[in-house]
Structure formats: C-alpha cells, structure tokens
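Asks: The structure is given below, and queries will be raised subsequently.
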Amino acid sequence: MTTPPPSVAVVIPAKDESVRIAETIRGVRTIPGVSAVVVVDDGSTDGTAVIAAREGAEVVRHVRNHGKADAMMSGLGRVSGLRRVGRLDAGTSVLFVDADLEASAQAVGALVGPVSRGEADLTIATLPEQQGSAGGHGLVVGLARRGIEELTGWSPVQPLSGMRCLSPAAIAAATPFARGWGVEVGMTVDVLDAGLTILEVPCDLQHRVTGTDWRSQVHRAAQYRDVALALGVRRLRRRLGPG
C-alpha cells in the first residue's frame, strides 16, 4: 500500500506581487502533500489578493503594510483556523515561500521531506547564485551569520533565506516571530535554543534580487536594523535567564 504524502500548508507573504503570485501558487501546488495555500496580502495596492483568490488560495488581507513577520504570523493564524475546522491535520507542517519565486517555487518541495521524516524540525533553503544579482556588500548576511553562531554555535550558509519548512514543534518554539526582517534570524536562534534540529537544503530557486538604487539601500538598512534587534533581544534573554 502506498503511503500518502505528508500534509503541508504553504504560507506566502506577498506585497504588490500581482505579476508573479499566480505562477508561484501554481508552482507550490505541484509539491506532494500540499493541503492548503495561504497568501497573506500585506497591504498591496495592486491585484495580488484578487489573483491569489482566483488561483484558489486562502487569502488573508492586511489593509496596510505590517511587514514580513506580521504577515507570516497572520498566515499561521489562518493555518490554525483550518486545523480547528478539520481541514488540516494537527501534525501538518508549514512551508513559508517567497511570493516572487514564480515557477521555480516547485523546488521548495525539497524542504518538506526531512521534516516529515523527523530528520529536522526546521529546514532552510539554500539558493544558487541569483540571476542579475548585483546587490549589497554582505553586511546584513554577515551580521546574521555571526550573531547566530555567537548565540548557538551553528553557522548557517544562508541565514536570511525565507524559504523554510517548520514542524509543529518548531512553530511552537519560534513564535511569536521577531519583528520585520529579523524573523529568520530570530526563528533560527529560538528553534536551536529549544533543542530542535535545523537542516539547510539546496533548492534551485530564482527570485527578484534587491538592486543598488537608493530604495534598495533603504531596504538593506531596515534589514540590518531588524536583524540587529532580533539578535539583541535574544542576547538580553540569555543575560536575564529563565523567568
């Protein structure tokens, strides 16, 4: 008898992704075991929500932009609601996927297996060199990597990768998420602090890269701020100890 694929819910935070969201949804639907696709429209001014609904996704709408971490938490809230009404199993894992992956999103399926087999509680995608990448100077990535290693002893290859699959235990350990762009770093530290296992998995993904104009530099500055804050909060927790 064939064993059915493990149940997984996909959460896609999105802002102004009307050009890419349909293909991204179609890509994740090819992953075995996907039982629900939740798109969190985080204050878009385009047709992201309408297109996602047309593709059959569960849509959560933020009237204004709240940031990535809040969008991810809203997605988890909808997943919990689907569990309560029996549309998802209690043991369903959650797969976070960036909205701009388009057809390459199907490759994120590589993250599901290790979690479903109990080999890891959190899997993180490592991406190949991105087409057209000219981006920054690695300051945010370096800060994130050094901070995680300082706090946990583990040095990730791509500490800011947003494509992640979490077991129910990892979700419990990592929530509530660190604010804004610190979500991945906070999640990593919290999961390891809980004694759980993390595995990085190569995935052949392509997404829109951050450029070099002033808006891109403002974005990187916000990333740096949020990563530093997430690390600072966790260092403070260590100093204060339990309670």
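Asks: For the stretch 186-195, which residues satisfy the criterion of being hydrophobic (A, V, I, L, M, F, W, C) and open to solvent by less than 40 Å² (accessible area, probe 1.4 Å)? Lay out the reasoning, then the answer.
Replies: In the first step, residues of the stretch 186-195 are kept if they are hydrophobic (A, V, I, L, M, F, W, C); the result is 187, 189, 191-192, 194.
Selection gives Met187, Val189, Val191.
Asks: Specify which of the listed residues (Gln217, Gln223, Gln206) is modelled with pLDDT under 95 and within 30 Å of Ser116 (Cβ to Cβ).
Replies: On the way: Gln217 fails: within 30 Å of Ser116 (Cβ to Cβ); Gln223 fails: within 30 Å of Ser116 (Cβ to Cβ).
On inspection, the qualifying residue turns out to be Gln206.
Asks: May I ask you to verify whether Pro13 is in a strand (DSSP E or B), touching a strand residue (DSSP E or B) at 6+ places or on another chain (Cβ under 8 Å) and touching a residue at least 60 places away in the same chain (Cβ under 8 Å)?
Replies: Values: in a strand (DSSP E or B): yes; touching a strand residue (DSSP E or B) at 6+ places or on another chain (Cβ under 8 Å): yes; touching a residue at least 60 places away in the same chain (Cβ under 8 Å): yes.
Yes; evaluated as a whole, the condition is true for this residue.
Asks: For the stretch 152-172: of the residues being in contact (Cβ under 8 Å) with a residue 40 or more places away in the chain and in a helix (DSSP H, G or I), which is surrounded by the most Cβ atoms within 10 Å (Cβ to Cβ)?
Replies: Within the stretch 152-172, the subset in contact (Cβ under 8 Å) with a residue 40 or more places away in the chain is 152, 154, 156-158, 160, 162-171.
Add one more test, that the residue is in a helix (DSSP H, G or I), and what stays is 152, 168-171.
Details: Thr152: 17, Pro168: 16, Ala169: 17, Ala170: 25, Ile171: 20.
Across the stretch 152-172, the extreme among qualifying residues is Ala170.
Asks: Report yes if Val218 is more than 16 Å from the chain's Cα centre (by Cα) and either more than 26 Å from Thr92 (Cβ to Cβ) or open to solvent by 60 Å² or more (accessible area, probe 1.4 Å) (or both), otherwise no.
Replies: Yes; evaluated as a whole, the condition is true for this residue.
The values are calculated or read from the model by the stated rules, or taken from the named source; none is laboratory data. Model, not experiment: these values are computed from the prediction. FYI the Cβ positions are ideal-geometry reconstructions off the backbone, even for glycines, and counts take in every protein chain you see. What goes into the accessible areas is simple: the full protein's heavy atoms, side chains included, and nothing from ligands, DNA or RNA. Shrake-Rupley method; radii C 1.70, N 1.55, O 1.52, S 1.80 Å.
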